[in-house]
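**Q** I have a structure I would like to understand better, so I am pasting it below and will then ask my questions one at a time.
The values are calculated or read from the model by the stated rules, or taken from the named source; none is laboratory data. Quick caveat: nothing in here was measured; it's all calculated off a predicted structure. Neighbour counts are summed over all protein chains in view; Cβ atoms, including those assigned to glycine, are modelled from backbone coordinates with ideal geometry. Note: accessible area is taken over every heavy atom of the protein model, side chains too, but ligands, DNA and RNA are not part of it. Shrake-Rupley method; radii C 1.70, N 1.55, O 1.52, S 1.80 Å.
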Amino acid sequence: MNNFLPLTKKDMDARGWESLDIIIVTGDAYVDHPSFGAAIIGRVLESAGFRVGIIAQPDWKKTDDFLALGKPRLFFGVTSGNLDSMVANYTSHKKIRSKDAYSPGGKAGLRPDRAVIVYANRIKEAFPGSPLVLGGIEASLRRVAHYDWWDNKVRRSLLLDAKADILVYGMAESQIVEIARRLAAEQDLYGIRGTVIVRKEVHPGEDYLELPAMDEVSHDKRRFNDAFRIFYTNQNPFSGKTLVQRHDKRYVIHFPPALPLGREELDGVYRLPYARSPHPSYKEKGGIPGFETVRFSIISHRGCCGACSFCSLSVHQGKIIQSRSPGSILEEAMALSRNEEFKGTITDIGGPTANLYGARCSRWARDGGCGKKECLVPTKCAMLKLGYRESIDLYKSVMAIPGVKHLFIESGIRYDLLCDDDSAEYFEHLCRHHVGGQLKVAPEHASPAVLRAMNKPSFDKYEIFVEKFREIKRRVKKDQYLVNYFISAHPGATLEDEEILSSYLRRRGMHPEQVQDFTPLPLTPAACMYYTEENPFTGEKVFVAKTFQERKLHRALIQHHTPSHKPLVAKAMQSLSKKDRLKPAR
């Protein structure tokens, strides 16, 4: 018997199981590794005593694959996979992608658009009346009425379109076990933290805030902003209220976020018996590309207190950093070193931001953080303590494991946290021992106005960081360079703003390859700005480049060195009436 969760009836027979309690349907290939959400949820449920199976990338055009494991005793769990299916299937210019990193051999087209809705409909067809639980990033970012860039309209809560019983948002370990136990006991699902349900009425006595109704937010952008502001400011798991939004004659009821996992609980999630590889039924050349990038990496923490406007991380994982213990990470590193395919290199120990491992604030444990004050913007709050000493000690312990020759930190680095004296030892240790040729950072832009819209620190911080990096390079005597990520056409960016960035890049002799055309992700502040052309928190008007032609001009200015962009650069400069600004810097 293999140690994977059952993927086929044959797998069930090998375990002596005639039926399952729960079946998880996912848009990803089945990789039993803690970087894959379906695997985590499956293993968490298994550890709670439930019989769990997986249906991975089913053929959604018919019901055959959905029938393969029979009807579960409790429920079907449905996820699009590690990505929103529209992000997975389309580029930032709405063109169909040619590859899918989470499919065998990188093959595209194995998950449908709006996968959660499509899978839910097929399950309803195959097993009418079987409870449906929605989860994963696609469900999490679409849990209330939201602006959808691909349809260019406000869509209602995904829960209604999928006709499901409950939606789980966030990382879901605690919620999913509570749901399973309640369904097993035939209890109501009302009131579970980190979930959304639909009811004809709200429980009498419920303490809640009402969002503007779906009918209002879909026709009035100011009311959309009002709804978003109430939603966004109530995501603190300690102080957030239950939110209610009327959709026609029913109410979408959004309960407060789940409380963050304690260190022991988080360690427990990563100690579960993952096979740490794709299911052996996959034989395609190249394997699962998304797995190959994380095969010998370790997740050290989750959550992000950066709250960048364009990023979905804080909406999905929350702003509170939850870090594993050094012992748990060391245990996983030892297990990796014993893998017969391990060649001596651990490719990463990180999370959303590598240098936020071990970050803590006394207010997080007490009340979830501050009301209006940001942790990192405009500068790092004095209450936020960074885990640099703990990180250095951890890296040294991992390097002492027999068979470990290299440990690289490949997760992105928050550069503004490496600018003061308190970070000097960590920064030098990182460059000296754990950076190969590249260090990834994300200045995103150089224009003060755009950086404010992005909720990023001032560009002065980046320039201080660059100088410190150069000093350290000289000391460690290594050939290292920065990989800089920029975003084009972000809300708030005019052509004049893109020219500010372009001018800076020319002066520095920089030719960025890592430029991402802005994509409005549901329930992020930047998506709200894109749709309403206002800042939802201040009411300030925001310029938005909306046509693809405008967006191309923005990107061309940033990548002015690219030969194919020359006509677009000329057009942009003609529009700006500043052609002479593109002369090479002397």
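**Q** Restricting to region 229-243, what's the tally of residues that are closer than 19 Å to Pro522 by Cβ and either open to solvent by 10 Å² or more (accessible area, probe 1.4 Å) or part of a strand (DSSP E or B) (or both)?
**A** Summing the residues that are closer than 19 Å to Pro522 by Cβ and either open to solvent by 10 Å² or more (accessible area, probe 1.4 Å) or part of a strand (DSSP E or B) (or both) in region 229-243 gives 8.
**Q** Out of curiosity, is Val202 assigned to a loop (DSSP other than H, G, I, E, B) and more than 20 Å from Tyr147 (Cα to Cα)?
**A** The answer is yes for Val202.
**Q** From Arg360, Arg295, which residue is open to solvent by 10 Å² or more (accessible area, probe 1.4 Å), modelled with pLDDT of 95 or more, basic (Lys, Arg) and within 19 Å of the chain's Cα centre (by Cα)?
**A** Answer to the check: Arg295.
**Q** Among the residues of region 192-221, count how many are of a type in the set (Gly, Ala, Ser) and either without any contact (Cβ under 8 Å) to a residue 12 or more places away in the chain or open to solvent by 30 Å² or more (accessible area, probe 1.4 Å) (or both).
**A** 2
**Q** Okay, moving on. Among all residue pairs at least 6 apart or on different chains, which show Cβ distances below 7 Å where the first residue, located in region 176-191, is under 20 Å from Gly136 (Cα atoms) and the second is assigned to a helix (DSSP H, G or I) and open to solvent by 40 Å² or more (accessible area, probe 1.4 Å)?
**A** Within 7 Å, the pairs are Leu189/Arg182.
**Q** Across region 383-410, what is the total count of residues that are part of a loop (DSSP other than H, G, I, E, B) and either open to solvent by 20 Å² or more (accessible area, probe 1.4 Å) or without any contact (Cβ under 8 Å) to a residue 40 or more places away in the chain (or both)?
**A** The qualifying residues number 8.
**Q** In region 304-325, which residues are basic (Lys, Arg) and either outside any loop (DSSP other than H, G, I, E, B) or over 16 Å from Tyr169 (Cα atoms) (or both)?
**A** Arg324, the sole residue that qualifies.
**Q** Being open to solvent by 10 Å² or more (accessible area, probe 1.4 Å), outside any helix (DSSP H, G or I) and more than 28 Å from Gly106 (Cα to Cα): is that true of Ser35 here?
**A** Judged against the criteria, Ser35 is not a match.
**Q** Quick one: count up the residues across region 60-95 that are within 21 Å of the chain's Cα centre (by Cα), open to solvent by 30 Å² or more (accessible area, probe 1.4 Å) and either farther than 12 Å from Gly27 by Cα or of a type in the set (Phe, Trp, Tyr) (or both).
**A** Total satisfying the criteria: 5.
**Q** Please determine, by comparing only the residues of region 452-489 that are of a type in the set (Phe, Trp, Tyr), outside any helix (DSSP H, G or I) and surrounded by fewer than 20 Cβ atoms within 10 Å (Cβ to Cβ), which one is modelled with the highest pLDDT.
**A** Looking at residues that are of a type in the set (Phe, Trp, Tyr), outside any helix (DSSP H, G or I) and surrounded by fewer than 20 Cβ atoms within 10 Å (Cβ to Cβ), I get Tyr485.
**Q** Please count how many residues of region 493-515 are over 22 Å from Gly412 (Cβ atoms) and either part of a strand (DSSP E or B) or not charged (D, E, K, R) (or both).
**A** Counting residues in region 493-515 that are over 22 Å from Gly412 (Cβ atoms) and either part of a strand (DSSP E or B) or not charged (D, E, K, R) (or both) gives 6.
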